[in-house]
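Written below as structure tokens is the structure these notes are about.
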Amino acid sequence: MIWKRPNDLEALNANLKNTLCEITGMRVTKVTDNALYGEMPVDKRTHQPMGLLHGGASAALAESLGSIAANQTLETSQFAVGLEITASHLAPMKNGHLQAEVKPEHLGSTIQLWTIRMTREDGKLVSLARLTMAVREVRQ
């Protein structure tokens, strides 16, 4: 198991209050031994003007869930922040729930790399993101 902090879904989702995550309806849905899962509704909050999922919304989902996952792998004396994100948008989506699977590629002492696969409810790949996180020490 890669996690060093408790993965209480209620607590993880409570931390999303009063953030972009709450406004867009993002939530963590499941945590397994080596992956974190979440979702975001695709609706008027996350659409671009043509009525499709906004690429920035899917990137926000990837960075938000990737950041949660990264921090869950660290001791409480450390924290992780986003350094770089790339996302490829592969298929359109008009409504439903964009589902995300977050898995680590590299869990180093100063850099982490995560892959976030975002799919429609039928399993069709919508976006694929790679998130690089910088690991820092908490300053007292």
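Taking strands (runs of 3 or more DSSP E) that fall entirely within region 11-104, which contain at least 1 residues that are touching a Cys at 6+ places or on another chain (Cβ under 9 Å)? Steps first, please.
Numbers: elements: 27-31, 36-42, 78-89.
Those strands (runs of 3 or more DSSP E) span 27-31, 36-42.
Can you tell me which residues in region 118-139 are assigned to a strand (DSSP E or B), open to solvent by 50 Å² or more (accessible area, probe 1.4 Å) and either in contact (Cβ under 8 Å) with a residue 60 or more places away in the chain or of a type in the set (Gly, Ala, Ser) (or both)?
Here is the first cut: in region 118-139, the ones assigned to a strand (DSSP E or B) are 118-119, 125-137.
Filter again for open to solvent by 50 Å² or more (accessible area, probe 1.4 Å), leaving 128, 130, 136-137.
Correct list: Glu137 only.
Out of the residues in region 1-14 that are free of Cβ contacts under 8 Å to residues at least 40 places away in the same chain and not small (Gly, Ala, Ser), state the one that is surrounded by the most Cβ atoms within 10 Å (Cβ to Cβ). Steps first, answer last, please.
Taking region 1-14 and keeping what is free of Cβ contacts under 8 Å to residues at least 40 places away in the same chain, we get 1, 6, 8-11, 13-14.
Okay, now just the ones that are also not small (Gly, Ala, Ser), so 1, 6, 8-10, 13.
Numbers: Met1: 9, Pro6: 9, Asp8: 11, Leu9: 13, Glu10: 7, Asn13: 17.
Among those residues, the one meeting the criterion is Asn13.
Looking only at region 45-62, count every residue that is more than 14 Å from the chain's Cα centre (by Cα) and closer than 11 Å to Gly25 by Cβ and tell me the total.
Final tally of qualifying residues: 2.
Right, Thr115: polar (S, T, N, Q), in a loop (DSSP other than H, G, I, E, B) and either at pLDDT 95 or above or within 20 Å of Asp8 (Cβ to Cβ) (or both) or not? First the steps, then the outcome.
On the way: polar (S, T, N, Q): yes; in a loop (DSSP other than H, G, I, E, B): no; either at pLDDT 95 or above or within 20 Å of Asp8 (Cβ to Cβ) (or both): yes.
The answer is no for Thr115.
Residues of region 56-84 being surrounded by fewer than 18 Cβ atoms within 10 Å (Cβ to Cβ) and among the hydrophobic types (A, V, I, L, M, F, W, C), which ones? Show your work before the answer.
Taking region 56-84 first, the residues surrounded by fewer than 18 Cβ atoms within 10 Å (Cβ to Cβ) are 56, 75-79, 81-84.
Correct list: Phe79, Val81, Leu83.
Given the conditions (1) within 18 Å of Val126 (Cβ to Cβ); (2) open to solvent by 70 Å² or more (accessible area, probe 1.4 Å), report the number of the one that Asn18 does not fulfil.
The single condition Asn18 does not satisfy is (1).
Is it fair to say Arg27 is under 21 Å from Asp122 (Cα atoms) and basic (Lys, Arg)? Write out each step before concluding.
Numbers: under 21 Å from Asp122 (Cα atoms): yes; basic (Lys, Arg): yes.
Against the criterion (under 21 Å from Asp122 (Cα atoms) and basic (Lys, Arg)), Arg27 qualifies.
Give region 98-117 a look and list any residue that's open to solvent by 40 Å² or more (accessible area, probe 1.4 Å) and either free of Cβ contacts under 8 Å to residues at least 12 places away in the same chain or closer than 23 Å to Leu52 by Cα (or both), or say none. Talk me through it step by step, then tell me what you get.
Of all residues in region 98-117, those open to solvent by 40 Å² or more (accessible area, probe 1.4 Å) come to 99, 101, 103, 105-107, 109-111, 117.
Hits for region 98-117 are Gln99, Glu101, His106, Arg117.
The values are calculated or read from the model by the stated rules, or taken from the named source; none is laboratory data. Remember, predicted model here, so these are calculated numbers, not experimental data. Every residue, glycine as well, gets a Cβ built from its backbone with ideal geometry; the counts of neighbours run over all protein chains shown. In case anyone asks, the SASA skips ligands and DNA or RNA and just uses the protein heavy atoms, side chains included. Shrake-Rupley method; radii C 1.70, N 1.55, O 1.52, S 1.80 Å.
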